[in-house]
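To start, the structure under review is shown below, and the notes come after it.
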Amino acid sequence: MLEVYRHRASSAVTHPVTLALGAAFGLGGIIIAVTGGNPFAAFSDMLLGAFTGSGLRNTLGRSIPIVAMALAVSLAFRAGILNLGGEGQMLMGALTGTMIAITVPGPGYVVVPLALIGGALVGAAWALLSALGQTRVGVPLLITSLLLNYVARSITSYLVRFPFGEPGAAFATTSPVPPTARIPKMELLGMGRMSISLVFVLALVILLAVAYRRTVVGYESEMIGLSGPFSRYGGVNVERHTVAIMAAAGAIGGLVGTHLVTGETYRYIDADMIAQTGFAWTGLMVALLAFNRPLPILAAGILFAGLQIGGFAMERSSGVSWQLAQVIQALVIVALVSRFVVTWKRTGSDGDAPSEANTDPAHVGSV
Amino acid sequence: MTVELELRGITKRFPGVLACDRIDLTVRAGEIHCIVGENGAGKTTLMSVLYGLIQPDEGEIVVRGERTRIGSPLEAISLGLGMVHQAFKLFPTLTVTENVVFRQEPARLGIIDRKAAVGRVHHLAQAYGLSVDPRATVESLPVGVLQRVEIIKALYREASVLILDEPTAVLTPQERDRLFEVMRRLRDAGRTILFITHKLGEVMAVADRITVLRQGRAVAELDPGATTPAEISRHMTGRDVAPVRRGADEPVGDPVLSIRDLEVEGAHGLATVRGVSLDVRASEIVGIAAVAGNGQSELIEAIVGLRSVRAGHINLGDVDVTHAAVAMRRRAGLSYIPEDRHRVGTAAAATVAQNLLMGYQRSAELGGGRWLLPAVVDRHARDLCDRFSIRAPDTGAAAGTLSGGNLQRLVVAREMSHDSRLLIAEQPTRGVDIGAIAFIHNQILEAKRRGRAVLLVSAELTEIQALSSRILVMFEGRIVADLDPDAVDEAEIGLHMTGGASVGA
């Protein structure tokens, strides 16, 4: 259903995304005004805070996990696979990657890739639990992937508290990742230091953009998302696609988790990591906003990262709570989705019911 | 005769379509009035207007001399209109009587009087020759009987005008003839019948008056005594359509599809295909005739790989494909025009080009397995649109925007355009207009001429008879007859379809 929009010509102004963004900022502005603030000042503080000076660097840094998680969601959603387990996949991968980085001795060029590969493998394995549950046993992936998030939280919390915890620490955390085992940073156009993960995220955007449009598997997975019966009819192995896509999405989750520790915070702190999993859900919103397309995901991911970073700046200068940024994020999605519901209803109720639908013997046979 | 019903200047627009264009229709009391037209001619829309399901943009409805507005089916019923839909609207677990009296139960002191209810249903059934057991549970009854229940339901609500929307689509020839008998009895008892169909033979058999619709307009009102099927067809299509001729049979070749002792499970673990063996040879069209629900759909799904086989063998050429994946069967030379083109044969939200690619996305001519170049895919699609006259705005348009006939051309184009040894065509012309039917029939005959094996399944006996080199009849999961199309008539095929001479419909 979401894909239908791609084929509908609409101008930039009436495009559903433009309308959703406009509605969200409009409502956000009203909220600021009602609570006694100046929306124009607040929004300009937000904009400046997000996209100028060190704010831009922070925005790009924050867009790394958001864009990557959105790409992971898009992989699955495009194929009609409702993977809501990004959070658990991130946590399991992050702890694995961290422990490899802490415990494996050796030079950085060995340990860093090893930690990332380990994180990816465990994230993939976690996702495969849901995939195989669906393809082998018939348990809906939507449910298992969502519920496994809580299992992952408990497992990682336990491990960080007891076997992997730093002895004597006041809170649940691992030891710090040694400097040699950290993801390196680069100098970014005079803005300061930036994780090289950014380069890999950009590469992933391009890789998926090509894969979606120009490969057989990209075509087949899109067709699965548009119609399962049609794909099976055409000889697409839906089960194999489900397993492969979930493994890839879980691997991205594990990589993002590993990046967040070995590239940013250098300690796996239980409470922090659980907060960081918010990126999985922001990524989901970004994928929805971008209709699962890689280049728009990049743009929308940077926009949402900017909203969050700009939100902090807005709070500092205008005194408007940064949580308003989250409200706006949510409003964008609500506006976008309600647009779909309205359109859907409209196309559903009018239009001549095709008479062929009635001749379908399935209807008759069901009497 | 008095005028029962009059529609004046009915116009209904849908986005981009003028479904009804100033249609006038006069129906006299006590006649069987046929509304004929191709799919998309506006028949269903017009009847929906009459039954209060759709409000017209312009025009008025006059019932027994009074101008009325019919805002809902309930209002239509209170005006004495009754409709029998194509898809029956019955509660499967309730009895015939309970379904008929629903919401108008005869009651004494607020308690349903079951005896009176059964009595009234029985009386109605007797009066018009609608033989039905009032106490039978609906789910245990065959389709032909369910239709009688629907008619009784309308009569119970004192319908003086009955609208029958393509009622014969699900019936065997015998059941159809009984329905016609019932319709004549109802007419003789003074009721008025509006009979929607696109089958000319039925029109000639039963109509007192004929109104032909084409592209939303009423183009002719005819008297069946003074017209011919050819003339009606000309009005329906706006041109002459020559019926397809099978022509001389070529010498058949080796078996392409061989099935031995095949057993397939259906919905509830019951065997729906029970020991079927058949061969389809090169240069041969084998037609399977069966009433819906006798295992033919499951047989086809097993052959194409969409349903697992419990026992037996399926060979394509000399490859055993009994348990092979769909992709493997396609590589072995199978192509398939499925019964349900909306759900299975196409994806509505995918583009025309994407739809034309399916099944061949890994073939050598389109890239060879891993890469797909949008330009190549698009050229392939444009080529097929030209060759098979698919009218699409462009190859990037969503397939869901195509009309029924064009969508079926798309499916046919895709399945015919590759060099496959075996073509399975399931209801290939259902719901498409006469022009597209002729086109599809010629494509199927052309496939045979080029030495392919064709397995054809159709509910239309005329189609089976016109195209098949051999006719196999399926009944309750078995093949019960192997007939020569030139040596049998419709009645005989119909008899086999219902289990032979022992069972009347």
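The values are calculated or read from the model by the stated rules, or taken from the named source; none is laboratory data. Since the structure is predicted, the reported quantities are computational estimates derived from the model, not experimental observations. Reconstructed Cβ throughout: ideal geometry from the backbone, glycine too, with neighbour counts over all protein chains shown.
Note on the stretch B:281-315: residues that are within 11 Å of chain A (Cβ to nearest Cβ), in contact (Cβ under 8 Å) with a residue 60 or more places away in the chain and in contact with a Lys or Arg (Cβ under 7 Å, 6 or more places away or on another chain) total 1. Residue count for the stretch B:183-223, restricted to those that are part of a helix (DSSP H, G or I), modelled with pLDDT under 90 and surrounded by 17 or more Cβ atoms within 10 Å (Cβ to Cβ): 3. Considering (1) more than 22 Å from residue B:499 (Cβ to Cβ); (2) of a type in the set (A, V, I, L, M); (3) free of Cβ contacts under 8 Å to residues at least 60 places away in the same chain, the lone condition that residue B:270 does not fulfil carries the number (1).
Among residues of the stretch B:267-318 being more than 22 Å from the chain's Cα centre (by Cα) and acidic (Asp, Glu), the one that is farthest from residue B:175 (Cα to Cα) is B:318. Residues in the stretch B:138-171 that are within 16 Å of residue B:122 (Cα to Cα) and either touching a residue at least 60 places away in the same chain (Cβ under 8 Å) or within 11 Å of chain A (Cβ to nearest Cβ) (or both): B:138, B:145, B:146, B:147, B:149, B:150, B:151, B:153, B:154, B:155, B:157, B:158.
Here residue B:434 clears all of (1) at pLDDT below 90; (2) in contact with a strand residue (DSSP E or B) (Cβ under 6 Å, 6 or more places away or on another chain) except the condition numbered (2). Residue count for the stretch B:376-406 satisfying the condition of being part of a helix (DSSP H, G or I), farther than 14 Å from residue A:219 by Cβ and modelled with pLDDT of 90 or more: 8. Checked against the criteria, residue B:32 does not count as of a type outside the set (Ser, Thr, Tyr) and within 12 Å of residue B:215 (Cβ to Cβ). Residues being closer than 27 Å to residue B:327 by Cα, surrounded by fewer than 18 Cβ atoms within 10 Å (Cβ to Cβ), basic (Lys, Arg) and within 14 Å of another protein chain (Cβ to nearest Cβ) are entirely absent from the stretch A:219-236. Restricting attention to the stretch B:152-173, the residues that are assigned to a helix (DSSP H, G or I), under 26 Å from residue B:493 (Cβ atoms) and in contact with a strand residue (DSSP E or B) (Cβ under 8 Å, 6 or more places away or on another chain) add up to 2. Being touching a Leu at 6+ places or on another chain (Cβ under 7 Å), surrounded by 22 or more Cβ atoms within 10 Å (Cβ to Cβ) and within 22 Å of residue B:156 (Cβ to Cβ) is a property that residue B:82 has.
Residues in the stretch B:428-455 that are outside any strand (DSSP E or B) and closer than 26 Å to residue B:363 by Cβ: how many? Total meeting the criteria: 14.
Every residue, every condition in (1) surrounded by fewer than 16 Cβ atoms within 10 Å (Cβ to Cβ); (2) in contact with a helix residue (DSSP H, G or I) (Cβ under 7 Å, 6 or more places away or on another chain), yes or no:
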site: B:360; (1), (2): no, yes
site: B:369; (1), (2): yes, yes
site: B:381; (1), (2): no, yes
site: B:389; (1), (2): yes, yes
site: B:409; (1), (2): no, yes
site: B:415; (1), (2): no, no
site: B:420; (1), (2): no, no
site: B:426; (1), (2): no, yes
site: B:431; (1), (2): no, yes
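What do you reckon, is residue B:19 within 14 Å of chain A (Cβ to nearest Cβ) and part of a loop (DSSP other than H, G, I, E, B)? No, not satisfied.
Across the stretch B:329-356, the qualifying residues are those that are assigned to a loop (DSSP other than H, G, I, E, B) and over 16 Å from residue A:227 (Cβ atoms), and the one among them that is farthest from the other protein chains (Cβ to nearest Cβ) is B:333. Candidates in the stretch B:357-375 are the residues that are assigned to a loop (DSSP other than H, G, I, E, B) and in contact with a strand residue (DSSP E or B) (Cβ under 8 Å, 6 or more places away or on another chain); of these, the one that is farthest from residue B:442 (Cα to Cα) is B:370.
Residue count for the stretch B:102-128, restricted to those that are β-branched (Val, Ile, Thr) and modelled with pLDDT under 90: 2. In the set (1) surrounded by fewer than 22 Cβ atoms within 10 Å (Cβ to Cβ); (2) aromatic (Phe, Trp, Tyr); (3) within 14 Å of chain B (Cβ to nearest Cβ), the condition left unmet by residue A:281 is number (3). Is it the case, given these coordinates, that residue B:480 is touching a His at 6+ places or on another chain (Cβ under 9 Å), surrounded by fewer than 20 Cβ atoms within 10 Å (Cβ to Cβ) and modelled with pLDDT of 90 or more? Yes, satisfied. Of all residues in the stretch B:316-328, those that are within 16 Å of residue B:420 (Cα to Cα) and more than 7 Å from every other protein chain (Cβ to nearest Cβ) total 6.
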